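What follows is calculated from the coordinates using simple rules that are stated; it is not laboratory data. Values in this document were obtained by computation on a predicted structure and should not be read as measured data. We place every Cβ from the backbone using ideal geometry, glycine too, and count neighbours over all the protein chains shown.
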Amino acid sequence: MTRRVLLGMLTPSSNTILEPVTSAMLAGLPEVTAHFGRFRVTEISLAASAQGQFEMAPLLDAARLLADARVEVIAWNGTSAGWLGFDRDRALCAAIARETGITATSSVLALAEAFRATGVARYGLVTPYLHDVQAKIVANFEREGFACAGERHLNDKGNFSFSEVGAETLRAMVRDVARARPDAITIFCTNLNGAPLVESLEREIGIPIYDSIATAVWSSLRLAGIDPARVKGWGRLFREVR
């Protein structure tokens with residue numbers, strides 16, 4: 001029997017993009033499937049109630065349920081560490097591994113890993129977030145050693161509304177950021193439908209684009225011992241970053 005590779009994804013409750021996009025990315029890998037556990041997230045802001053959505057307890061509850069499916073990896077497929085601090089995801093991944101015995105990763109930690117692997121010093125940032133949330137993200141990336149060369153954001157507190165941002169809006173934001181000639185660009189929100197645009201935009205602007213859904217899939221595959229280069233048509237991250 002062919003080995004089944006089961007990947008667990010922790011998913012914000014109001015997110016409608018990451019599940020179909022993740023499954024589409026994995027469509028060419030017949031032995032690999034993604035399985036999703038939700039916890040409540042309905043707003044992205046710096047309000048105490050919104051930040052409280054990302055307390056560790058509900059994420060650990062969802063991770064324990066994913067562990068029942070015998071997944072090989074659990075990924076937090078979200079970007080909250082961007083404004084809450086990267087150490088939040090480091091602590092979460094350590095707690096998931098401790099509680100379930102399953103290796104854990106996150107979209108944000110995987111993005112930082114890809115940046116370091118490819119020598120990114122200056123990056124471009126595309127998000128739907130509020131002004132103050134965007135400023136926190138830029139500051140936290142700076143603490144990790146990455147300078148923001150250019151950014152665009154929509155000043156929206158979402159979270160469901162992020163999924164309704166159109167392709168032309170996203171293309172325009174990426175093109176604007178590309179004018180600063182960063183080493184790489186990140187589409188940083190797992191409820192933006194940017195990943196399907198990456199391949200064509202990379203050809204157009206000549207800059208790698210690391211979508212935050214893609215980074216979770218890329219990292220999960222690596223941790224499960226699957227070559228990410230088997231994922232075709234979803235950008236340079238899968239082809240080039242080892």
- Val73 long-range amide H proximity, modeled H, under 5 Å: Gly8
- Using alpha carbon centers only, segment 111-144 is separated from segment 1-34 by a whole-angstrom value of 25
- Most fluctuating of Asp183, Asp227, Asp68 in the GNM of the chain (C-alpha, under 10 Å) is Asp68
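Taking the Cα centre of the chain as the origin, how large is its charge dipole in debye, to the nearest 20, when only Lys and Arg (+1) and Asp and Glu (-1) carry charge on their Cβ atoms?
Dipole about the Cα centre, nearest 20: 460 debye.
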- Item | Protection proxy ranking of 7-13, 57-63, 94-100, 188-194 - average other beta-carbon atoms within 10 Å, highest first | 188-194, 7-13, 57-63, 94-100
- Query: In percent, what relative contact order does segment 114-211 have, based on Cα pairs under 8 Å that are 6 or more apart in sequence?
  - Reply: 32
- Query: DSSP beta bridges in the chain, what fraction antiparallel, as a percent rounded to 5?
  - Reply: 0
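Under a point-charge model restricted to the Cβ atoms of Lys and Arg (+1) and Asp and Glu (-1), what is the dipole moment magnitude of segment 138-209 relative to its Cα centre, in debye to the nearest 20? Write down the numbers at each step before the final one.
Numbers: 8 positive and 11 negative charges, 24 e Å.
Using only the charged Cβ atoms, the result is roughly 120 debye.
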- Message: About the Cα centre, and with charges only on the beta carbon of Lys, Arg (+1) and Asp, Glu (-1), how big is the dipole of segment 183-228? Nearest 20 debye, please.
- Response: 140
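Assign one of three labels to segment 129-203, namely rounded, prolate or oblate, based on the Cα gyration tensor with a ≥ b ≥ c the square roots of its eigenvalues; rounded applies when a/c is under 1.5, prolate when it is not and a/b is larger than b/c, and oblate otherwise. Can you show the working numbers first?
Working: a/c = 1.91, a/b = 1.10, b/c = 1.74.
Oblate is the answer for segment 129-203, as a/c is 1.5 or above yet b/c matches or exceeds a/b.
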- Item | Relative contact order (percent, whole number), the chain, Cα cutoff 8 Å, 6+ residue spacing | 22
- Semi-axes (Å, rounded, descending) of the ellipsoid equivalent to segment 6-136 per its C-alpha gyration tensor are 23, 19, 15
- Task: With a/c under 1.5 counting as rounded, go ahead and sort segment 97-222 into rounded, prolate or oblate using the C-alpha gyration tensor (a ≥ b ≥ c being the square roots of the eigenvalues; past the cut-off, prolate if a/b is larger than b/c, else oblate).
- Result: rounded
- For Rg and Dmax of the Cα atoms in Å, which listed value, (i) 16.4, 52; (ii) 22.7, 87; (iii) 19.2, 62, comes from the coordinates shown? (i)
- Query: Which Cα, out of Phe162, Ser45, Ile209, lies furthest along the positive dipole direction of the chain (beta carbon charges, K/R +1, D/E -1)?
  - Reply: Ile209
- Message: I want to verify a result. In a Gaussian network model of the chain, Cα cutoff 10 Å, which of these has the top mean-square fluctuation: Gly101, Gly37, Gly124?
- Response: Gly101
